[in-house]
Amino acid sequence: MLQDKILPPQTESDRLAALRSYRVLDTPPEPAFDELVQLAARACQAPIALISLIDERRQWFKAEVGLGMRETPLDRSICLTAMLQPGLTIVPDLTEDPRFARNPLVTGEPHLRFYAGAVLRTPDGVPLGALCVLDCVPRDLTGDQAYTLQTLARQVMSQLELRRALAERDEVLEASQQIEQRQTLLVRELHHRVKNTLATVQGLVGATGRSSGSFKEFYHSFSNRIASVAKTHNLLTEDYWQTAPLREIALTELKPFAESRRPRFMLIGPLVELSADLAVPVGMALHELTTNAVRYGALSVPTGYVRVQWSVEENGGVRKLHLEWREFGGPCVREPQHQGFGTALLQRVLPMQCRAEVEVQYGREGLQFQMDAPLVEQRLVPAY
C-alpha cells in the first residue's frame, strides 16, 4: 500500500544538487550507517536492508545488509518510486504490483517479494532516496516496525547532516591553516626581502659614490638606480614577493623609447617568471645596460636600437635562463678604461649573486651582453 498523497514534484536538477552537496556518493562503508541498516533489518525481521541514494543513472547503497551489491541501475530501483511518497511505502507482494512485477530483482535473483521504504528527505524537503527493508516472501510490517523504520530513516538523515557539517568544518579548518601558513611564509619572505633591499641600497650608495665625480652626478645616478629597483619591487609585490615577469622588467627600463616613431628596441622571448632573488639583479643589470646605451651606445643616436632576447634551456635537469642584450646602429664602443658600477654589476655581482655565467663584448656594431643563470623553481609562498 502507498500511504498519504504523492508530494509535488521536485525539480530533478535541484534534487541532484542537494544529493551531491552531501558528498557521500561512492564513499567507503562507515560504521554509523552500517549499524542503522543492521538495526532496520533486525527490527523489521527482514533479511535485506539498504540505505539507497538515487542519482541520475543508478541507485547507490551507502550501507546494505543481505543484498551483496553496492548499486543497481535505475530500472531495478523500487526506492525510486518510494522516495516520491511522503512517508512510508509498503508493498506486501511485489509480484502483484504492476509497477514492480517485471523488475529483474523480482523475476530473478534474489526473487524479492516484500518491500518497505521510508523516504530520506533533507530538512528542505528534498527526497534523496530511502531506507528500506526487503524480504523474499510476501508479508507486512507491524505498527511498531513501521514506526521504527521511519525513525531510523530520520537517523540516517541526521548522520548525513552530521557528516556534511564535519566535512565543511574540516575544510574551513584546513583553509584557515593554509592561510596562517601562507601569512607566516609571507612575513618570512618580506623579512628576507627587506634585508636584501637594505643591503642592495647600501651597496648602491658605496658603488655610486666611488664612480661619481660630483655630488650632483652621485645624486642623479643613485636616484635612478633606486627607482629601477623600486620598479622591480612593484612587479614582485603583485605576486606576493615571489616572481616577476622578465618581459615586464625589461619593458619598465625601455618604456621611454616605446612611443618613438622608429622602433628603438625589441623584446623577444617566452613568458618567464623570475624569482625575487633573480629578478632584482637582472632588473638592475638591464637598468645599467639601458643607461649605458643612452649615454654612449645605440640609444644615444636616432638610428640605433636594442634587441633583448631570452630563452629557457634545460641542462642536466636544471632549467637556465639565457639572456642576451645586443645593440645595433650605434657608435663604435670600446671597453672602458676604468671599471664603474655598471661594469662591476655585470661582471662581478651577477656571477656571485645569481651564479650566472656572463660575457660582455665591445664590438663595432655595439655592446653585446649575455648571461646564463639557473632559474629558482620553488615558490616560498604558494599561489592563491
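Based on the mean of other beta carbon atoms within 10 Å per residue, what is the order of 278-284, 55-61, most packed first? The partial results should precede the final answer.
Working: 278-284: 24.6, 55-61: 17.0.
Going from most to least packed, we get 278-284, 55-61.
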Using a simple spin-label model with points 7 Å from Cα along the Cα→Cβ vector, what separation in nm is obtained for Glu168 and Tyr147?
3.3
Over segment 42-186, with the other protein chains present, what is the accessible area per residue in square angstrom, probe 1.4 angstrom?
47
Around Leu128 (Cβ within 14 Å, Cβ-to-Cβ, excluding Leu128; K/R +1, D/E -1) the net charge comes to +3
Within segment 292-309, list the residues whose amide N lies under 11 Å from a label point set 7 Å along Cα→Cβ of Ile268.
307-309
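When Lys and Arg each count +1 and Asp and Glu each count -1, what net charge do the other residues less than 15 Å away from Leu25, Cβ to Cβ, add up to? Mind showing how you got there, number by number?
On the way: positive: Arg15, Arg20, Arg23, Arg57, Arg58, Lys62, Arg70, Arg163, Arg164; negative: Asp26, Glu30, Asp55, Glu56, Glu64, Glu71.
Charge balance in the 15 Å sphere: +3.
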Taking the Cα centroid of segment 298-334 and of segment 125-154, what is the distance between the two, rounded to the nearest whole Å?
79
Add +1 for every Lys or Arg and -1 for every Asp or Glu among the other residues with Cβ under 13 Å from the Cβ of Ser13, and state the total.
-2
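The values are calculated or read from the model by the stated rules, or taken from the named source; none is laboratory data. Because the structure is a prediction, the values reported are computed rather than measured. Cβ coordinates were reconstructed from backbone atoms using ideal geometry, including for glycine residues, and neighbour counts include every protein chain displayed. Calculation scope for accessible area: heavy atoms of the full protein, side chains included, ligands and nucleic acids excluded. Shrake-Rupley method; radii C 1.70, N 1.55, O 1.52, S 1.80 Å.
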